[in-house]
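Beneath this line is the structure, given in structure tokens, with notes to follow.
The values are calculated or read from the model by the stated rules, or taken from the named source; none is laboratory data. The structure presented is a predicted model; accordingly, all values stated were derived computationally and were not measured. Cβ placement follows ideal geometry from the backbone for every residue including glycine, while neighbour counts extend to all protein chains displayed. Please note that ligands, DNA and RNA were not included when accessible areas were found on the heavy atoms of the full protein model with its side chains. Shrake-Rupley method; radii C 1.70, N 1.55, O 1.52, S 1.80 Å.
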Amino acid sequence: MESIRGKVAIIGVGMIPFGEHFEKSMEDMAQETYINCIKSVDKGIEPKKDIKAAWLGNLGRLFGAGAMSGSWLATQIGNTGIPITRIESGCPTGSDTLRHAIFGVASGMYDVVLALGAEKMREKPGTESLIALGTIGLGGHPSWTWGSTAPAMQAVYATRQMYELGYTMETFARVAVKNHHNGKLCPFAHYRYEVTIEDVLRSPMVCWPLHLLDCCPQTDGAAAVIVCRADLAKNYTDKPVYVLGTHVGLDHSFYWDKHNFIEMLATVRAANGAFDMAGIKREEVDFAEVHDCFTNTEVMNYEDIGFCKKGEGGPRLMEGYFDIDGPLPIQPSGGLKAHGHPIAATGISQICECFWQLREEAGDRQVKLKNGIALQHNVGGSGFGVSCVTITSRNP
Amino acid sequence: MQGGNKVESIKGKVAIIGTAMTPFGGLYDKSLEDLAQEVFINCVKSVDKGIDPKEIKAGWIGSIGMDLLIPGGLSGSWLTTQMGNADIPITRVCDGCITGGDTLRQAVIGIATGLYDVVIALGAEKMTEKTASDFLMPLGGELLGFNPYWIWGMTAPATQALYATRQMYEFGYTMEMFARVAVKNHRNGKRCPYAYYRHEVTIEEVLKSPLVCWPLHLLDCCPQTDGAAAAILCRADLAKKYTDKPVYVLGSNVGVDYALYWDKANFIELPATIRAARGAFEMAGVKPAEVDLAETHDCFTNTELLNIEDIGFCKKGGAGPLVMEGEFDIGGRIPVGPSGGLKTHGHPIGATGLFQICECFWQLREEAGERQVKIDRGIALQHNVGGAGFADSCVTILSRSA
């Protein structure tokens, strides 16, 4: 596989604080995010002149407000002069939208492009949106109607992690403690308070062994990124962030096709592909934003991405290895745990955090940079069968 | 085109080496999974010199599906299960009525990046599992963020009726002209084994069919059908390894417009099509007059007349009289919809653009049997338009020479 390393750079990012935005429509959120993103370009950008194509991420309709096609974004950004495509690919929708924007630039077709993801998750209760979504995600398959919702599906993994790897509810709770601590420092987070292990274990049980505070909240949000040809990046900023690799990994959706319940092959495949493309080793990554929709998922991610061996994620977490001042900070932003998971915005918001961290603009939650390399990861979709990993760097 | 720097061309970088589709229709005996598997197997088999499916390095699945059409693929991993290959990246594209065309475009861009040598674009849709009032109507209501005018009855035929009445008022088009599109496309569809409607109609029959929304009759509208279609693409320089008759992609572009009607400049053109076509022709470096055949988006008969003008095959106001003269018949100056189009195939959304690509592929390779058009320059054009407010369009230009 040919690499795209060094061909594409990120020159601006924007997002809105994630939370319950009952006062804002999807349109409001997209417009605000777009304006923030344009304004973030250090040396300025003329959006209508410079941006040559766009990709819109949105899962939409079940959540009560949704975009059907690319033209929806044209109206929000006031530009009908460019091609816009809507991507919808499960929980990695945001990062896969960015991946397509990166491809648009890497193909040589477009010099500067926009990727924007927006999602309203709070207009409908979970029973009408997430549960309904789950049922449909597997073609109306009965395993969903029997109650295999997202927490139930992750509980299947969590119990196997406990049985095979000796993880405990405290291990999972420690993820929440870390991410709430970081989220408190992030002005874009939905939850901005600390929790203790006791708080997590005392919170209501959602699906054994996962408590309420093991789950990410339902949130509204939007995020956007402008990417351009790497050789043009310095026209827009002195501190571009370069894309080293981006890859989607998949797995079969049905649970009877899974070989075990302690790893997610989609993540393994996405990470292997992205690292191959980037031509770097796991040790070179300074920090990562991974998909912590549930606390046990984050522990699985450490191992599946390859930051440590299977079974080492839990003990290292307890030692503080992944804390913001540890050797490998994971979720300096507070992650999905503190931000929520407005699906199409999630992956792009993680890229925003990577961008700010790599430019050392993350304020209170700034991590120490050594190699200047960050990793972003999503996993989800039906049966957690889709993952996307993108590796970025402050050097081309 | 708006903007400064020119969009670079992908001309000559990408080739189509195999295509396949299922017959379109009310396929109640087949699930979406069945359709995707069948079309995947047939697509692999269609590659002349053979291909190991494991050579396919990435995929794109086009499907609107999901909640409203039931059942549907939620994400790329759904196609993984149907293809029996979880080792490649697959992304789902969901982009209104142009989903099929734009799925192909994402695959084209994928190859143009240099990352993937061989990829697949597959579209599949089940449209007959629910009645229209259960899905097309709520779809309309939701796609503009619950804008009230959908609730007032702005369904797809009602929307196109706005255009049709303006075409009549401003250009003197008549219901007979719209009906003539149905006559032509039914005549072509009768010769296409994949079409759903395989019977001829007369102008009188169209005009006597029930009125759906004045001036559009039932036979002015495309039917609701199930179907799937796919194309395998590769780097142009590798194409001859797979077939002696590859079809090359000269250009592929999406054009958009504002979706809400109060933002429209007029009701006699679809700016999305104009923009998509202009960009695609620019990329391809060809002119409309050089095109041998076109498969355009005839969801309604009057839409085909809009398309012919918006793409640039004739001047605005010209398509109506020209269709009456047989200019767009098989054997005419530029055959439009030689497959019989959406009019006879229906419009299973994610599959539509890709079935049109199948037809262009077969026509350019002169494998279209009874409905074969005369190939002169060896250039074909595929077009979709739709989405909320008919504000999305995709145009792809293909050629038998690189």
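Would you check if there is a residue in region B:253-276 being in a loop (DSSP other than H, G, I, E, B), basic (Lys, Arg), touching a residue at least 12 places away in the same chain (Cβ under 8 Å) and open to solvent by 10 Å² or more (accessible area, probe 1.4 Å)?
Within region B:253-276 (the criterion being in a loop (DSSP other than H, G, I, E, B), basic (Lys, Arg), touching a residue at least 12 places away in the same chain (Cβ under 8 Å) and open to solvent by 10 Å² or more (accessible area, probe 1.4 Å)), the answer is yes, since at least one residue qualifies.
Look at A:VAL8 and say whether it is open to solvent by less than 20 Å² (accessible area, probe 1.4 Å) and in contact with a Phe, Trp or Tyr (Cβ under 6 Å, 6 or more places away or on another chain).
No; evaluated as a whole, the condition is false for this residue.
Does B:GLU304 count as acidic (Asp, Glu) and not in a loop (DSSP other than H, G, I, E, B)?
Taking the combined requirement at face value, the residue satisfies it.
Keeping to region A:93-115, report how many residues are touching a Cys at 6+ places or on another chain (Cβ under 7 Å), facing chain B (nearest Cβ under 8 Å) and either surrounded by fewer than 24 Cβ atoms within 10 Å (Cβ to Cβ) or hydrophobic (A, V, I, L, M, F, W, C) (or both). Even if it seems obvious, please write down each step before you answer.
Quick first cut of region A:93-115, residues touching a Cys at 6+ places or on another chain (Cβ under 7 Å) only: A:95-96, A:99, A:105, A:111-112.
Still in the list and also facing chain B (nearest Cβ under 8 Å): A:96, A:99, A:111.
Next, only the ones that are either surrounded by fewer than 24 Cβ atoms within 10 Å (Cβ to Cβ) or hydrophobic (A, V, I, L, M, F, W, C) (or both) stay: A:111.
Number of matching residues: 1.
Select, from B:ARG187, B:ARG191, B:ARG166, B:ARG180, the only residue that is of a type in the set (Lys, Arg), more than 30 Å from A:VAL105 (Cα to Cα) and either modelled with pLDDT under 90 or crowded, with 21+ Cβ neighbours inside 10 Å (or both).
Answer to the check: B:ARG180.
Here is a check on your reading of the model: is A:VAL195 on the phi < 0 side of the Ramachandran plot, open to solvent by less than 40 Å² (accessible area, probe 1.4 Å) and in a helix (DSSP H, G or I)?
So A:VAL195 does not fit the description; no.
Residue by residue, here is whether (1) more than 14 Å from every other protein chain (Cβ to nearest Cβ); (2) of a type in the set (Ser, Thr, Tyr); (3) touching a strand residue (DSSP E or B) at 6+ places or on another chain (Cβ under 9 Å) holds:
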site: A:LEU201; (1), (2), (3): yes, no, yes
site: A:LEU213; (1), (2), (3): yes, no, no
site: A:GLY221; (1), (2), (3): yes, no, yes
site: A:PRO240; (1), (2), (3): yes, no, yes
site: A:GLY249; (1), (2), (3): no, no, yes
site: A:HIS252; (1), (2), (3): no, no, no
site: A:ALA278; (1), (2), (3): no, no, yes
site: A:GLU284; (1), (2), (3): yes, no, yes
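Please count how many residues of region B:111-127 are closer than 18 Å to A:ILE4 by Cα and in a strand (DSSP E or B). Before you say what the answer is, go through the steps one by one.
So in region B:111-127, the residues closer than 18 Å to A:ILE4 by Cα come out as B:111-119.
With in a strand (DSSP E or B) added as a condition, the list becomes B:118-119.
Result for region B:111-127: 2.
Determine the pairs where a residue that is more than 30 Å from B:LEU79 (Cα to Cα), located within region A:357-386, has a partner that is open to solvent by 10 Å² or more (accessible area, probe 1.4 Å) and not in a loop (DSSP other than H, G, I, E, B) with Cβ atoms under 6 Å apart, the partner being 6 or more residues away or on another chain.
Filtered contacts from region A:357-386: A:ALA362/A:TRP356; A:ASN371/A:GLU284; A:ILE373/A:GLU284.
State yes or no: is A:SER349 outside any helix (DSSP H, G or I) and closer than 22 Å to A:ARG192 by Cα?
no
Can you tell me how many residues in region A:297-340 are surrounded by fewer than 22 Cβ atoms within 10 Å (Cβ to Cβ) and either within 16 Å of the chain's Cα centre (by Cα) or not aliphatic (A, V, I, L, M) (or both)?
Residues flagged as surrounded by fewer than 22 Cβ atoms within 10 Å (Cβ to Cβ) and either within 16 Å of the chain's Cα centre (by Cα) or not aliphatic (A, V, I, L, M) (or both) within region A:297-340 amount to 15.
Could we say that B:VAL108 is at pLDDT 90 or above, in a loop (DSSP other than H, G, I, E, B) and open to solvent by less than 20 Å² (accessible area, probe 1.4 Å) here?
No, not satisfied.
Please name all residue pairs, on different chains or six or more residues apart, with Cβ atoms under 9 Å, provided the first residue is in region B:81-109 and is more than 8 Å from chain A (Cβ to nearest Cβ) and free of Cβ contacts under 8 Å to residues at least 40 places away in the same chain and the second residue is in a helix (DSSP H, G or I) and not hydrophobic (A, V, I, L, M, F, W, C).
As it stands, the answer is B:GLY84/B:GLN37; B:GLY84/B:PRO53; B:ASN85/B:PRO53; B:ASN85/B:LYS54, since those pairs meet every condition given.
Go through region A:268-289 residue by residue and tally those that are in contact (Cβ under 8 Å) with a residue 12 or more places away in the chain and farther than 22 Å from A:CYS91 by Cβ.
7
Can you confirm whether B:ILE375 is farther than 12 Å from B:THR273 by Cα, away from every other protein chain (no Cβ under 14 Å) and assigned to a strand (DSSP E or B)?
Considered against the rule, which asks whether it is farther than 12 Å from B:THR273 by Cα, away from every other protein chain (no Cβ under 14 Å) and assigned to a strand (DSSP E or B), B:ILE375 comes out as no.
Give the residue, chosen from A:PHE287, A:PHE294, that is among the aromatic types (Phe, Trp, Tyr) and open to solvent by 10 Å² or more (accessible area, probe 1.4 Å).
Result of the check over A:PHE287, A:PHE294: A:PHE294.
Okay, residues lined up against (1) open to solvent by less than 10 Å² (accessible area, probe 1.4 Å); (2) among the small types (Gly, Ala, Ser); (3) closer than 25 Å to B:ASN253 by Cβ; (4) away from chain B (no Cβ under 14 Å):
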| site | (1), (2), (3), (4) |
| --- | --- |
| A:GLU20 | no, no, no, yes |
| A:MET26 | yes, no, no, no |
| A:CYS37 | yes, no, yes, yes |
| A:ASP50 | no, no, yes, no |
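Search region B:201-248 for residues being under 18 Å from B:GLY18 (Cβ atoms) and in a loop (DSSP other than H, G, I, E, B), and hand back the single one that is most open to solvent (accessible area, probe 1.4 Å).
Among those that are under 18 Å from B:GLY18 (Cβ atoms) and in a loop (DSSP other than H, G, I, E, B), it is B:ASP244.
Any residue that is open to solvent by 30 Å² or more (accessible area, probe 1.4 Å) and within 17 Å of B:ASP392 (Cβ to Cβ) - is there at least one of those in region B:277-285?
yes
So is B:VAL39 open to solvent by less than 20 Å² (accessible area, probe 1.4 Å), more than 8 Å from chain A (Cβ to nearest Cβ), part of a helix (DSSP H, G or I) and over 25 Å from A:VAL389 (Cα atoms) or not?
Numbers: open to solvent by less than 20 Å² (accessible area, probe 1.4 Å): yes; more than 8 Å from chain A (Cβ to nearest Cβ): yes; part of a helix (DSSP H, G or I): yes; over 25 Å from A:VAL389 (Cα atoms): yes.
Yes, satisfied.
Quick test of your reading of the structure: B:ASP329 fulfils all but one of (1) touching a Pro at 6+ places or on another chain (Cβ under 8 Å); (2) open to solvent by less than 10 Å² (accessible area, probe 1.4 Å). Name the failing condition by number.
Just one mismatch for B:ASP329, condition (2).
Mind checking which residues of region B:103-120 are in contact with a Gly (Cβ under 7 Å, 6 or more places away or on another chain) and closer than 15 Å to B:ALA351 by Cβ?
Selection gives B:THR103, B:LEU104, B:ILE120.
As an exercise: evaluate A:GLY90 against (1) under 27 Å from A:SER3 (Cβ atoms); (2) more than 7 Å from chain B (Cβ to nearest Cβ) and give the number of the one condition it does not meet.
In the conditions (1) under 27 Å from A:SER3 (Cβ atoms); (2) more than 7 Å from chain B (Cβ to nearest Cβ), A:GLY90 misses (2) alone.
Can you find a residue that is in contact (Cβ under 8 Å) with a residue 60 or more places away in the chain, of a type in the set (Val, Ile, Thr) and in a loop (DSSP other than H, G, I, E, B) anywhere in region A:21-37?
No, region A:21-37 contains no residue that is in contact (Cβ under 8 Å) with a residue 60 or more places away in the chain, of a type in the set (Val, Ile, Thr) and in a loop (DSSP other than H, G, I, E, B).
Residue by residue, here is whether (1) within 11 Å of another protein chain (Cβ to nearest Cβ); (2) within 20 Å of the chain's Cα centre (by Cα) holds:
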| position | (1), (2) |
| --- | --- |
| B:TYR242 | no, no |
| B:ASN253 | yes, yes |
| B:ILE274 | yes, yes |
| B:ALA277 | no, yes |
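How about region A:244-259: which of its residues are buried (at least 24 other Cβ atoms within 10 Å of the Cβ) and more than 30 Å from A:LEU358 (Cα to Cα)?
Hits for region A:244-259 are A:ASP251, A:SER253.
So in region B:69-80, with the set limited to residues that are in a helix (DSSP H, G or I) and more than 7 Å from chain A (Cβ to nearest Cβ), which one is modelled with the highest pLDDT? Explain how you work it out, then say what you get.
Initial filter on region B:69-80 (in a helix (DSSP H, G or I)): B:69, B:76-80.
Narrowing the set further to residues that are more than 7 Å from chain A (Cβ to nearest Cβ) leaves B:69, B:79.
Working: B:LEU69: 51, B:LEU79: 90.
In this case the residue turns out to be B:LEU79.
Has region A:373-382 got any residue that is modelled with pLDDT under 95 and part of a strand (DSSP E or B)?
Taking every residue of region A:373-382 in turn, at least one turns out to be modelled with pLDDT under 95 and part of a strand (DSSP E or B).
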